[in-house]
1. Among the residues of region 22-36, which ones are surrounded by 13 or more Cβ atoms within 10 Å (Cβ to Cβ) and either in contact with a Ser or Thr (Cβ under 9 Å, 6 or more places away or on another chain) or not hydroxyl-bearing (Ser, Thr, Tyr) (or both)?
2. Taking region 10-33, which residues are in a loop (DSSP other than H, G, I, E, B) and either among the polar types (S, T, N, Q) or under 19 Å from Gly68 (Cβ atoms) (or both)?
3. Identify all residues within region 37-58 that are among the aliphatic types (A, V, I, L, M) and buried (at least 16 other Cβ atoms within 10 Å of the Cβ); write none if there are none.
4. Of the residues that sit in region 72-87 and are in contact with a Ser or Thr (Cβ under 7 Å, 6 or more places away or on another chain), under 14 Å from Tyr23 (Cα atoms) and of a type in the set (A, V, I, L, M), which one is surrounded by the fewest Cβ atoms within 10 Å (Cβ to Cβ)?
5. Let me confirm something: among Tyr69, Tyr61, which residue is in contact with a Cys (Cβ under 6 Å, 6 or more places away or on another chain) and surrounded by 10 or more Cβ atoms within 10 Å (Cβ to Cβ)?
6. Name every residue in region 88-113 that is open to solvent by 100 Å² or more (accessible area, probe 1.4 Å) and either of a type in the set (Asp, Glu) or touching a Pro at 6+ places or on another chain (Cβ under 8 Å) (or both), in order of residue number.
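The values are calculated or read from the model by the stated rules, or taken from the named source; none is laboratory data. The structure presented is a predicted model; accordingly, all values stated were derived computationally and were not measured. Methodologically, a virtual Cβ is constructed for each residue, glycine included, from the backbone with ideal geometry; neighbour enumeration extends over all protein chains shown. Only protein heavy atoms, including side chains, enter the accessible area calculation; ligands, DNA and RNA are left aside. Shrake-Rupley method; radii C 1.70, N 1.55, O 1.52, S 1.80 Å.
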Amino acid sequence: MVRMLTTDTESETAYHYRVDRTYQVVIYGADSPTVIERMDAVSRKINDRTTLIPIAGNLRYIRTNGFGYGAAFRTESGLWACAGVLQTEVREARTQEQYDKIMHVYPRYELRIPVG
């Protein structure tokens with residue numbers, strides 16, 4: 001299960017801003033060692049800083065900035081679970097004013113010869 005916990009926006013330049021989001025990741029399993037093993041695998045993948053999450057319908061990616069998790073616990077249904085926190089960032093372009101293109105450009109040549 002994955003759900004968003006927080007979101008924060010930071011202005012970086014006149015052309016873009018950064019959106020930082022924190023997600024809660026919960027993994028369920030039959031026993032504590034299985035759940036911890038799965039969380040270790042997720043943690044290694046994310047903390048290697050090689051994981052980029054593709055944005056659907058776009059060529060851009062969400063960057064992962066870190067992942068941490070706590071101890072496994074038993075749920076009311078008898079399953080074991082472990083909750084972790086994933087930190088991400090994505091840069092968004094600001095909306096820019098669009099201008100009409102210059103359709104024709106004509107050069108003017110000028111020759112200057114010094115007199116003297």
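1. Within region 22-36, the first condition is being surrounded by 13 or more Cβ atoms within 10 Å (Cβ to Cβ), and the residues that meet it are 22-29, 32, 34-36.
Listed by number, the residues that qualify are Thr22, Tyr23, Gln24, Val25, Val26, Ile27, Tyr28, Gly29, Val35, Ile36.
2. In the first step, residues of region 10-33 are kept if they are in a loop (DSSP other than H, G, I, E, B); the result is 12-15, 30-31.
Thr13 - this is the single residue of region 10-33 that is in a loop (DSSP other than H, G, I, E, B) and either among the polar types (S, T, N, Q) or under 19 Å from Gly68 (Cβ atoms) (or both).
3. Kept after step one, since they are among the aliphatic types (A, V, I, L, M), are these residues of region 37-58: 39, 41-42, 46, 52-53, 55-56.
Met39, Val42, Ile46 - these are the residues of region 37-58 that are among the aliphatic types (A, V, I, L, M) and buried (at least 16 other Cβ atoms within 10 Å of the Cβ).
4. Taking the candidates together, the pick is Val85.
5. Working: Tyr61 fails: in contact with a Cys (Cβ under 6 Å, 6 or more places away or on another chain).
Step by step, each of Tyr69, Tyr61 is checked, and only Tyr69 is in contact with a Cys (Cβ under 6 Å, 6 or more places away or on another chain) and surrounded by 10 or more Cβ atoms within 10 Å (Cβ to Cβ).
6. Filtering region 88-113 down to residues open to solvent by 100 Å² or more (accessible area, probe 1.4 Å) leaves 95, 97-106, 108-113.
Glu97, Asp100, Glu110, listed by residue number.
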